[in-house]
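S.K.: Below you will find the structure I want to go over with you.
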Amino acid sequence: MLIDTFGRKITYLRISVTDRCNLRCAYCMPAEGIVRQSHDSILRYEEIFKIVQIAADNGVTEIRLTGGEPLVREDIVELIKMIRSVPQITDISLTTNALLLEEYAARLKLAGLNRVNISLDTLDPEKFKKITRVGSFEKVWAGILAAEAAGLQPIKLNAVVIRGLNDTEIPALAHLSVDKPWNIRFIELMPVKNQESWGDGFLPPEDAYVSKQEMLQILQTYNLQAVHDMDGSGPAKYYRIPGAKGTIGFISPIGEKFCDECNRLRLTADGNLRPCLLSEIEIPLREAIRKGEDILPLLQKAVLLKPGGHEITSHYSSTGRCMMQIGG
Ligand code: SAM
Ligand code: SF4
């Protein structure tokens, strides 16, 4: 079992499979994109598989694939099959922008994927284009319905709340949970190398943050009921509109820090273990694994270096890589 110096058990590994993406979300990356890693510096599937096996032998039971956009990596279905073959891994999930999900949902399910988290910040196709700079709302919506039809459940929809853009849509997004058994989750915007201006029509990034407390205030008329002991809730706190089929969650790393409950390690696409999303500490694995060295001591080192908590505020973080490079 991997246990950190604060007594937290590490049972969850979040793997970024690529630093490429078919969208350009304003809060996640610059309009011109980022300098991409060379093909050779990205971990191969056999290398990821080996890391998963060693992590699983040491107590990790949950794997989440993310990116960049995980569905743009070739043969992602094969990686899911490989991970599914590891008996200790009981839960495999994927975070996606859903642009390609209509095409992939059934195959992902067949390969052994349990569930998906889908990023959807707005129900307005114009705003969707503005936030993602290139995306098509209709394709994403079709992807969500395909995931539901394929049985990739529970469906979690993640909306990053941005003042002046989608804060007015919080009630409409929350209302989706009334008729659908979906988890609608509102995420506080984090200052992760996205502090440059996002262009015309956006507030300055430092003014765009909306706290969980303010979101709850906006939803006051719904009389939300707290939902306790929800399976697989992770860092989210859940509520329900009385009588609704689904739930509403909040992920509030700034307004209500949840570091004490953190059970995860992250693996970047270029093969660094990152004990905390919001700290610069990274332990390189790639060369060690390519030389055939034992990487368990590196996993243990990453766990021992896991900070007790992050130091970011709504305006400031020291993070030098943007979210899609780390694997948000
Ligand atoms: N491309 C996939 C997607 O969008 O779901 C997976 C990668 S994306 C980096 C993972 C999650 O990070 C998304 O839900 C996205 O909204 C969130 N995210 C990106 N930048 C963020 C930021 N600055 N603050 C809060 N969440 C952010
Ligand atoms: Fe791509 Fe996801 Fe970042 Fe949007 S949030 S740019 S979809 S990685």
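FYI, it's all coordinate maths here, none of it is from the lab. None of these values were measured; they are calculated from a predicted model. Cβ placement follows ideal geometry from the backbone for every residue including glycine, while neighbour counts extend to all protein chains displayed.
S.K.: In what sequence do Leu176, Leu79 fall when counting other Cβ within 10 Å, fewest first?
M.R.: With the fewest neighbours first, Leu176, Leu79 line up as Leu176, Leu79.
S.K.: Springs between alpha-carbon pairs under 10 angstrom, Gaussian network model over the chain: which of Thr247, Thr168, Thr268 fluctuates most?
M.R.: Thr168
S.K.: Considering amide H positions built from the backbone, and no H for Pro or chain starts, which residues 5 or more places from Leu23, or on another chain, come under 5 Å of its amide H?
M.R.: Answer set, sorted by chain and number: none.
S.K.: How much net charge surrounds Glu169 when only the other residues with a Cβ under 10 Å from the Cβ of Glu169 are counted, with Lys and Arg +1 and Asp and Glu -1?
M.R.: Neighbourhood net charge equals -2.
S.K.: List, in order, the whole-Hz ³J(HN,Hα) value for each residue of region 6-11 obtained from phi through the Karplus relation with A = 6.51, B = -1.76, C = 1.60 and θ = phi - 60°; use x for Gly and Pro.
M.R.: Per residue, the Karplus-derived 3J(HN,Hα) values read 9, x, 7, 7, 9, 10 Hz.
S.K.: A further question follows. What's the exposure ranking of Phe49, Phe128, going from fewest to most Cβ atoms within 10 Å?
M.R.: Phe49, Phe128
S.K.: What residues qualify as long-range amide H neighbours of Asn158, i.e. H under 5 Å apart, gap of 5 or more or another chain, H built at 1.01 Å from N?
M.R.: For Asn158, whose amide H was placed from the backbone, the distant partners under 5 Å are Ile118, Ser119, Leu120, Arg185.
S.K.: How big is the chain along each principal axis, measuring the range of its Cα positions in Å and listing the largest first?
M.R.: 57, 40, 39
S.K.: Size of the dipole of region 18-89 about the Cα centre, Lys and Arg at +1 and Asp and Glu at -1 on the beta carbon, nothing else charged, in debye to 20?
M.R.: 140 debye
S.K.: Show me, for region 96-108, the HN-Hα J-couplings you get by feeding each phi into the Karplus relation (A = 6.51, B = -1.76, C = 1.60, θ = phi - 60°), rounded to Hz, glycine and proline as x.
M.R.: 9, 7, 6, 4, 9, 6, 4, 6, 9, 3, 5, 5, 5
S.K.: Roughly how many nanometres apart are two label points built 7 Å out from the Cα toward the Cβ at Lys245 and Asp200?
M.R.: Placing both labels 7 Å along Cα→Cβ, they lie 4.1 nm apart.
S.K.: Please quote Rg/Rh for region 158-285 to two decimal places, taking the Kirkwood radius as Rh and restricting both calculations to Cα atoms.
M.R.: Rounded to two decimals, Rg over Rh is 1.01.
S.K.: Assigning unit charges at the beta carbon (Lys, Arg +1; Asp, Glu -1) and nothing else, what dipole magnitude in debye, to the nearest 20, does the chain show about its Cα centre?
M.R.: 460 debye
S.K.: What percent antiparallel are the DSSP beta bridges of the chain, to the nearest 5?
M.R.: In the chain, approximately 25 percent of DSSP beta bridges are antiparallel ones.
S.K.: Connecting C-alpha atoms closer than 10 Å in a GNM of the chain, tell me which of Pro275, Pro307, Pro87 has the biggest fluctuation.
M.R.: Looking only at Pro275, Pro307, Pro87, the biggest GNM fluctuation is shown by Pro87.
S.K.: For Arg163, Arg185, Arg115, what's the fewest-to-most ordering of other Cβ within 10 Å of each Cβ?
M.R.: Ordered by Cβ neighbours within 10 Å, fewest first: Arg163, Arg115, Arg185.
S.K.: Sticking with this structure for a sec: With the convex hull built on the Cα atoms of region 210-303, state its orientation-averaged projected area in nm².
M.R.: 8.4 nm²
S.K.: While we're looking at this one, here's another question. Across every pair of different alpha-carbon atoms, what Kirkwood hydrodynamic radius in Å does region 54-170 reach?
M.R.: Its Kirkwood hydrodynamic radius stands at 15.0 Å.
S.K.: Something else now. Give me a comma-separated list of calculated 3J(HN,Hα) values for region 238-244, in order, Karplus coefficients 6.51, -1.76, 1.60 applied at θ = phi - 60°, integers in Hz, x for any Gly or Pro.
M.R.: Whole-Hz 3J(HN,Hα) from phi for region 238-244: 10, 9, 9, 6, x, x, 6.
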